[in-house]
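One structure is given below, encoded as structure tokens.
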Amino acid sequence: MARPTDRTYADQGIPGRVKQSISRTTGQPVTLYYAEQAGIEADHPWVVVCETHGEQGSYPTLRQAEQHIPLGDWCAACMASPKRTIKKREYTTPPNPHRGRRTSRFVTVSGDRYIALGKEAYDHLGNPGWIDLQMKGNEVILTAAEEPEKQGQGIHKVTAASQTSVWFAAIAFVAEHQIANGKYPPILKGKTVRFVPDRTTDQAITGEAEDA
């Protein structure tokens, strides 16, 4: 014999309504009621109703009723209909374009000859073939430039160092402004890349442009 319940059910303000959900098997909305409070005549106190076909089944315990909600086996019309096909989602790990290689975000000064740009900074400039260098205070400013009519105009040709960086020879510029070796986080501003060589924050490097 089923035990009576002292709880009052009124889901969405409907007397006796416990909850409504979608049957996993049939795809139809199913509502669970406590029969006495809902005014439903049934053999058992817990009633599940197929809202599409109006058929119902009753069960002696709440747990049993809940177990039959996803099955829909008490609704003959649902059982006669084609079964719902559940699409399974397959989750795959997106490919990592940088797998197997190290992507740098630094601007690197190597020895007294080269300045190298990590991919992030180079992409910000628009991947130019030539770069114009300027010095403003202790800040070095790099700007995308057109190919110069004559060499030696402070515009430097970019050369690929690896899949993660490029470099250009800036021998005179580095020497003239006494730019120390090191890796510098770039400042991406407007259409320029800036970096500040500061010996107090330099990270010592071995001098390989590919590390940029």
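The values are calculated or read from the model by the stated rules, or taken from the named source; none is laboratory data. None of these values were measured; they are calculated from a predicted model. Please note: Cβ atoms are built from the backbone with ideal geometry, for glycine as well, and neighbour counts cover all protein chains shown. Note: accessible area is taken over every heavy atom of the protein model, side chains too, but ligands, DNA and RNA are not part of it. Shrake-Rupley method; radii C 1.70, N 1.55, O 1.52, S 1.80 Å.
Applying the criterion of being modelled with pLDDT of 85 or more and among the hydrophobic types (A, V, I, L, M, F, W, C) to the residues of region 1-18, the residue that is least open to solvent (accessible area, probe 1.4 Å) is Val18. The C-beta contact set for region 114-139 (first residue over 14 Å from Ile187 (Cα atoms) and touching a residue at least 60 places away in the same chain (Cβ under 8 Å), second residue open to solvent by 70 Å² or more (accessible area, probe 1.4 Å) and among the basic types (Lys, Arg), distance under 9 angstrom, 6+ apart or interchain) comprises Gly126/Lys191.
Under the condition of being among the charged types (D, E, K, R) and within 44 Å of the chain's Cα centre (by Cα), which residue from region 1-58 is nearest to Pro82 (Cα to Cα)? Steps first, answer last, please.
Here is the first cut: in region 1-58, the ones among the charged types (D, E, K, R) are 3, 6-7, 11, 17, 19, 24, 36, 41, 43, 51, 55.
Subsequent filtering for residues that are within 44 Å of the chain's Cα centre (by Cα) retains 11, 17, 19, 24, 51.
Details: Asp11: 30, Arg17: 28, Lys19: 25, Arg24: 13, Glu51: 17 Å.
Checked region 1-58; the qualifying residue nearest to Pro82 (Cα to Cα) is Arg24.
Taking region 19-40 as the range and being free of Cβ contacts under 8 Å to residues at least 40 places away in the same chain and either open to solvent by 20 Å² or more (accessible area, probe 1.4 Å) or of a type in the set (Gly, Ala, Ser) (or both) as the test, the residues that pass are Lys19, Gln20, Ile22, Pro29, Tyr33, Ala35, Glu36, Gln37, Ala38, Gly39, Ile40.
Pairing residues of region 174-192 that are farther than 13 Å from Glu139 by Cβ and loosely packed, with under 14 Cβ neighbours inside 10 Å with residues that are of a type in the set (S, T, N, Q) and modelled with pLDDT of 90 or more, at Cβ distances under 8 Å and at least 6 apart in sequence or on separate chains, gives Lys191/Thr143.
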